[in-house]
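Novice: One structure coming up, written as structure tokens, with questions to follow.
Laboratory data are not the source of any read-out in this text; all were calculated from the coordinates shown. This is a predicted model, so every value here is computed, not measured. Note: ideal-geometry Cβ built from the backbone for every residue, glycine included; neighbour counts use all protein chains shown.
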Ligand code: IVH
């Protein structure tokens, strides 16, 4: 292929992948399978590997790239990002309408009503249709530049589907309730404190110096309006929303037009009840004057526009009594205290349990058995004790003490430095085994259909299994004798177990349940090492050179494989025929020309940033380290190299100039 042909091919692949991202993440209506998508992406990445100089910032492969930054830089908003005044009752909505109509001399006013998603306000700038900058609201005048983090949100277009010289849009980045719930479960297992609600989770995730962490948090966004723009014009806000939708932005489909405030109020009442059925949390509705001319005439105060108001729902809270506090033991041994409540109706369901997170929270809120408490649902899903109604105490309530022994296996319980959680120290604790098995067979992990919790409990009870590897040694006769298991389901289950043996390595790595190693990190590790054997041998130093693997993940991985028991488990899995990844084949070496080569980079490169060159070396199978030693294969030297270059020369390490490096990677 000529360079021009390559460029055209890259352009076609990028457009096609962007289109499928749009179908999947914005329209929620994909038209190709995940496997077809993966193969397009692989084709793009492969071609970009061969021609790294042709990588563009709007390439879908660049959604996550780069190393953690050292700090955020601030940037000025072109137009201030105002906030909204609140209406806390229908009376205050009527007041708003009266003010609007009086200012507009009783002209007819049309309102747009939108959902007020509870997340973090952000601004995105597009120059000539390409996403250039993304920022937080900050103080409304200056925000933080979080462009790489925002690029990880797959519903944000990197290139617009409309031609506009300049466009700034504003929206709310958020986390769905389901992701929030899952994140908190993972955090509890990792001994980390829980996010209080999806808004905090979204804000914390976007303000990460490492975009890989943002990517792992699976954020989403709704765009709800324009900032500054050039070359386009609209008469109404609704028109601008439709334009934004056509330009490829995720605009909520739940915006509606109304002719008067009575209709608006009716709509608010409807959402007040329906809101719990949404997959994300909303804390109210936003009512906006539709005509942009009228908006302009109404203007703004220093803080908020006069043409819009947030109708806030009252927070859902109820009172109940704590009947008991029980302890659950999770897959990594974390002990989670849970309050057993007198049943109470809350945010759409009847609640009988509330998480107490950890002992610090119990102490801080001084929660005791028999206390009357105020409860709410964090993120509308996780029932939580807000506060103890201390005036209702009778004096007989005793402070709660966390057990010093595991309530399931009686083993010693420890609290590691810097962790909020206590953990059971027994690796073979039955509770840990059970939760570990449930995780191992779950979707995303080994995905063994037909192996539910009840079957796992049965198998454990009659001691047919005690660890995850035992699943692969089960026989038809073992299964068919279980309660509620006929010959047909036993056959199907055996087939599902057999099928899972050939799962890709990334699933197996995730299924092992290594603390801090989620689905994304598992994928990265599997791609980087190719086999369980290589992953097990990886040192801490080697692991931390991988762009998205930080010291916390790296030390958790090495600690996991240092344990004899875990190594034995993996050997047992391998003996049963579970696929442990691929051994590097010759073909792979062909596409990984830098396989096992170690590089040091010094000086300024013409074609790449440091992050980019590091990424390329990693993708082609090599490593980058910072210290020059005899073990280095090459030193890659740019303009004005530093002392590393001199040291490399004295050690006789092969020197690569940038053009030589380009030649090397185009093999
Ligand atoms: S309009 C000048 N529309 O609510 C008008 N805001 O204080 C600016 N929010 O954090 C806001 N959904 O990000 C608008 N449909 C929506 C919204 C929305 C959520 C957030 C906004 C900001 C807060 C307003």
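Novice: What FRET efficiency comes out for residue 293 versus residue 101 if R0 is 22 angstrom and r is the Cβ-Cβ distance? Round to the nearest 0.05.
Specialist: 0.90
Novice: Using Cα pairs under 8 angstrom and six or more residues apart, how large is the relative contact order of the stretch 240-307, in percent?
Specialist: The normalised contact order for the stretch 240-307 reaches 16 percent.
Novice: Quote the relative contact order of the stretch 552-659 in percent (integer), defining contacts as alpha-carbon pairs under 8 Å separated by 6+ residues.
Specialist: 24
Novice: Here's another thing I want to ask about it. Using 0.36 nm times the number of residues separating residue 495 and residue 269, minus their current alpha carbon distance, what extension gain do you get?
Specialist: Difference between extended and current length: 76.2 nm.
Novice: Further question on the same structure: Going by C-beta contacts inside 10 Å, put 48, 127, 483 in order with the fewest on the left.
Specialist: Ranking 48, 127, 483 by Cβ neighbours within 10 Å, fewest first, gives 483, 127, 48.
Novice: Would you order 126, 22 from fewest to most other beta-carbon atoms within 10 Å of each residue's own beta-carbon? Please list the in-between numbers first.
Specialist: On the way: 126 22, 22 19.
Final ranking by Cβ density, sparse to dense: 22, 126.
Novice: Let me ask you something else. What is the Cα centroid distance between the stretch 335-390 and the stretch 478-513, reported in whole angstrom?
Specialist: After rounding, the separation between the Cα centres reads 37 Å.
Novice: So what is the calculated 222 nm ellipticity per residue for the chain, using -39500 (n - 2.57) for each DSSP H run with n of 4 or more, over all residues, to the nearest 500 deg cm²/dmol?
Specialist: Computed ellipticity for the chain at 222 nm equals -11000 deg cm²/dmol.
Novice: I would also like to ask the following. If I model a spin label at residue 39 and residue 575 as a point 7 Å from the Cα along the Cα→Cβ vector, what separation in nanometres do I get?
Specialist: Result: 3.9 nm between the two label points.
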